[in-house]
Amino acid sequence: MTTGSTDARPPAEITDHDQGPAATGDPGSRAWWRWLRHEWTLAVLGGLLLAVVLTWPTMRHPASTVPGDIGDPTLQAWQVAWAGHAVLTDPAGLWHSNTFFPERYTYAYSDTLLGYAPIGMLGSGFEAALVRYNVLYVLVHALAFVGAYALVRQLGAGRLGGAVAGVAWAYAPWRLAHAGHLNILSSGGIALCLAMLARGHGWSLRHGYRPERRRPGWALAGWLVAAWQISLGFGIGLPLVYFLLAAVLVGAGGYGWSWWRRGRPPAFGRRLLLADLAGGAVFGAVTLLLGLVYLRVVDLNPQAERSLAWTEMFSPPLIGFATAPADSWLWGERHAAAREQLSWPPEMALLPGMALLALAAAGLFVSVYPARHRVALGIGVLGTVLLGLGATLGGDGDPGYLTLSKHLPGWDALRTPGRMMHWTSLLLAVLAAGTVTVFARAVRRWSSRGWARLLAPVVLLVPLAVVGLEGVNRTAHPVVPPPPAATRMAAEPMLVLPAGGALDLIFMLWTTDGFPRVTNGLGGFEPVTQAQTRAATAAFPDPVSVAYLRGIGVRSVVALPGWAAGTPWQGIADRPFDGLGITREEIDGVLVYRL
């Protein structure tokens, strides 16, 4: 990308001041200046700044609030904290978390976000867990931008096309419905690994396969990033597994066809083959090991297996693909009537962006990509939309998403077809980048004439500004109740009352202060002991509940009378406990029973 002008003065008249640090005699200053102006430095820094702005006010009060609601974010803040704590203190006990006592493999009761364990090692306690979560929330948006930017640049689009694709994918309106789902927002590794693999194999949409551009190190890095993406959860990671498997089979088939047609093997190289084998082995091993853990969970808890009825319930109608969630600043109120037609808007409001749709449609006809690749991208968009319809496709989703659920291992656990929008919107972003690149070239040619040069930067920013506008949020940022002192003073294992429901997510986050074992917990399913414990302790404190808790090893009960209204533990403060062999202490309105 050219600057559009050069300095007309003779070299002798150009001073150090005119050229900045790059013209000084200090090699270190020149290197620093080159690094600062490098495309990828600007992309990363720009992505970080954009993430802070477009997720605001996430970083206003990161130690006390969370984006979305006080539900899944508290669970995920605990997950990240537990992963870091376990890796540092007891790696062998990673899967057996401090929640759902006395169950085992409890860390795998939902997507684990295990790949964030290194960040979970930073800091300790409740406030650190919240700060960590909010920082990650911003970073996942930045990574999504950088990943999409890198992918479309590798595929042959220009810098402006990359920026538009990055913003359109990272801040698509449909993502705002998942403000409380860090595991769903953590998709940047998908685009980034594809960019690295394409670069490693010297391939792009625009130029095809160029053996001289092969980079085995990038291919290896791509496989490692893909393995990291899988470690964040199978919810959006499993489609990546099958996509890469299909890509390997198609690539191998294309290689074999070319060999047969030409009578000699195409250039590939031993180093690239070794990189693919090593990286693919790591990717496969991570996928297999994590899959075995989840299979163990299902083996211990048969009720964890989901039927296809869940997929049918969460399958969106076609109107969902043109409907924005309520958290969209631009479209939220305007699409309120359309959302009323959706049975579950959080998973069915799937608008990828009106501007993105328009640019992608134009990209089918005007683009830097060859026509055959544009057609392939269009078919990909159509295919992922049809899969995203789930059971609403053709009345029963078979053939379609439910077909995959019946035949592909693990796919039946992906009960929300609308999340295929990750792939739909990424393909749309690639298409849009192709036409924006043509637009940028036309503007630069036009701007070479006089006064038009002044307007060119404004004109070039129009597509970027429009897709960015659609990403502006009005997401709530509620305050998370801090843990009472009583939870730090009670002996573990403990039970916190009232138990059950979303309150257990808050209690799980409270345990980040020391990670005491608790019977409380909420995940993707309910273990049998959860219902047993709630039923046995409904009249606590009484002889039956005390005997039950002692029998499973619980040493203390922490009761919050102010939170118990409408639950079986309403009025617990007035229940007698004499003659039960237990003691009770009140600490700032919270009751601690020692068994």
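Between Thr323, Ala536, Ser556, the Cα set farthest toward the positive side of the dipole of the chain (charges on each charged residue's Cβ, about the Cα centre) is that of Thr323.
Under 12 Å from a point placed 7 Å out from the Cα of Ala491 along the Cα-to-Cβ direction: which residues of region 561-595 have their backbone N that close? Label zone hits: 582-583, 593-595. Of the Cα atoms belonging to the chain, the radius of gyration and Dmax stand at 27.3, 99 Å. Take the Cα of Asp90, step 7 Å toward its Cβ, do the same at Leu461, and the gap between the two points is 5.5 nm.
Taking the Cα centre of region 411-483 as origin and charging only Cβ (+1 Lys, Arg; -1 Asp, Glu), how large is the dipole, in debye to the nearest 20?
420 debye
Return the sequence-ordered ³J(HN,Hα) values of region 372-387 in whole Hz as given by the Karplus equation 6.51 cos²θ - 1.76 cosθ + 1.60 applied to θ = phi - 60°, using x for Gly and Pro. Each residue's phi maps through the Karplus curve to give 5, 6, 5, 4, 4, 5, x, 5, x, 4, 4, x, 6, 5, 4, 5 Hz.
When Tyr137, Tyr294 are compared by accessible area at a 1.4 angstrom probe, the order from most to least is Tyr294, Tyr137.
Dipole magnitude for the chain: about 2860 debye, using +1 per Lys or Arg Cβ and -1 per Asp or Glu Cβ, origin at the Cα centre. Using the Cβ of Arg214 as centre and a radius below 15 Å, the other residues enclosed give a net charge of +4, where K and R count +1 and D and E count -1.
Please check the chain for the longest run free of GluC sites (Glu not before Pro) that are loop-located per DSSP (anything but H, G, I, E, B) and have at most 15 other Cβ atoms within 10 Å. After excluding every exposed loop site, the longest remaining stretch is 1-304.
Only helices enter this figure: runs of n ≥ 4 DSSP H residues, each worth -39500 (n - 2.57), summed and divided by the residues of the chain, yield -17000 deg cm²/dmol at 222 nm to the nearest 500.
Among the trypsin sites (Lys or Arg not before Pro) within region 316-412, those in coil by DSSP and having at most 16 neighbouring Cβ atoms inside 10 Å are Arg334. Approximating the spin labels as points 7 Å out from Cα along Cα→Cβ, the Arg584-to-Ala322 distance works out to 6.1 nm. Within the chain, DSSP assigns beta bridges of which about 70% are antiparallel (rounded to the nearest 5). Peptide packing for 552-559, 156-163 was compared via the average number of neighbouring C-beta atoms within 10 Å per residue; ordered from the highest value, the list is 156-163, 552-559. You can think of it this way: the chain between Leu408 and Arg441 has 7.5 nm of extra reach, that is 0.36 nm per residue less the Cα-Cα gap.
The values are calculated or read from the model by the stated rules, or taken from the named source; none is laboratory data. Note that the structure is a prediction, hence the values are computed from the model and not measured. Backbone-built Cβ (ideal geometry, glycine too); neighbour counts: all protein chains shown. SASA here: full protein model, heavy atoms, side chains in, ligands and nucleic acids out. Shrake-Rupley method; radii C 1.70, N 1.55, O 1.52, S 1.80 Å.
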